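Just below is one structure, and these are the notes that go with it.
The values are calculated or read from the model by the stated rules, or taken from the named source; none is laboratory data. Computed from a predicted structure; not experimentally measured. Cβ coordinates were reconstructed from backbone atoms using ideal geometry, including for glycine residues, and neighbour counts include every protein chain displayed.
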Amino acid sequence: MKLVDKSIQICELEQMAESGFDELIKAVVDIHKEIMVIDAEMHADEEQWLLENGSNQKDLWGINLYPKLSLEKWIEFDSMINIRPWENNRSRGVENPLIKEKITNIVNQLVIR
C-alpha cells in the first residue's frame, strides 16, 4: 500500500498494475483530505489504513484506476466500500455526481500524466 498525498507519476501506477492485477490498481480516496491510498489487494485494506490514520468513513470512496486507458476512461467507480444505504448510495458505484466529480478532480491532481 502506498499513500499518495502529493503526487505520483502515471508510469509508477503502470508498474504497480503490472505487478498486481495486470491492468488496474485499487484505490481509496479521502475527499476531505484530498489524498488516496493505492496498491492493495482489497479496497477494505486501504479504507482501514485511512481510518486508522485519521480519516472519516463518510469521506472515503473506493475506485479502480486503469493507468493505460485514456483520461476519460481510466477511473472506475466500483467498490464494495461504496455501498452506503444510510447515505443514499445503494450500489458499488458513486451515485452522487458531485462526489464523483470531486474524486475525479483529486485523482487527476495527484497523478502526473
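Given the criterion basic (Lys, Arg) and out of contact with any helix residue (DSSP H, G or I) (no Cβ under 8 Å at 6 or more places or on another chain), identify the matching residue among Lys58, Lys73. Step through it out loud before you land on a result.
Numbers: Lys58 fails: out of contact with any helix residue (DSSP H, G or I) (no Cβ under 8 Å at 6 or more places or on another chain).
One residue alone meets the criteria, Lys73.
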Mind telling me which of the residues Lys68, Lys33 ends up being assigned to a loop (DSSP other than H, G, I, E, B), over 12 Å from the mean Cα position of the chain (by Cα) and surrounded by fewer than 16 Cβ atoms within 10 Å (Cβ to Cβ)?
Lys68
State all residues of segment 86-113 that are basic (Lys, Arg) and either assigned to a helix (DSSP H, G or I) or over 11 Å from Ile63 (Cβ atoms) (or both); if no residue qualifies, say none.
Arg90, Lys100, Lys102, Arg113
Out of Ala27, Ala17, Ala40, report the one residue that is in contact with a Pro (Cβ under 8 Å, 6 or more places away or on another chain) and surrounded by 17 or more Cβ atoms within 10 Å (Cβ to Cβ).
Ala17
Go through (1) at pLDDT below 95; (2) aliphatic (A, V, I, L, M); (3) assigned to a loop (DSSP other than H, G, I, E, B) and name the single condition Ala17 misses.
(3)
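Keeping to segment 8-55, report how many residues are aromatic (Phe, Trp, Tyr) and within 19 Å of Lys73 (Cα to Cα).
Kept after step one, since they are aromatic (Phe, Trp, Tyr), are these residues of segment 8-55: 21, 49.
Pick out the ones that are also within 19 Å of Lys73 (Cα to Cα) and you get 21.
Qualifying residue count for the region: 1.
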Given the conditions (1) at pLDDT 95 or above; (2) surrounded by 13 or more Cβ atoms within 10 Å (Cβ to Cβ), and given that Glu87 satisfies all but one, which numbered condition is not satisfied?
(1)
Kindly indicate whether any position in segment 48-60 is within 12 Å of the chain's Cα centre (by Cα) and part of a strand (DSSP E or B).
yes
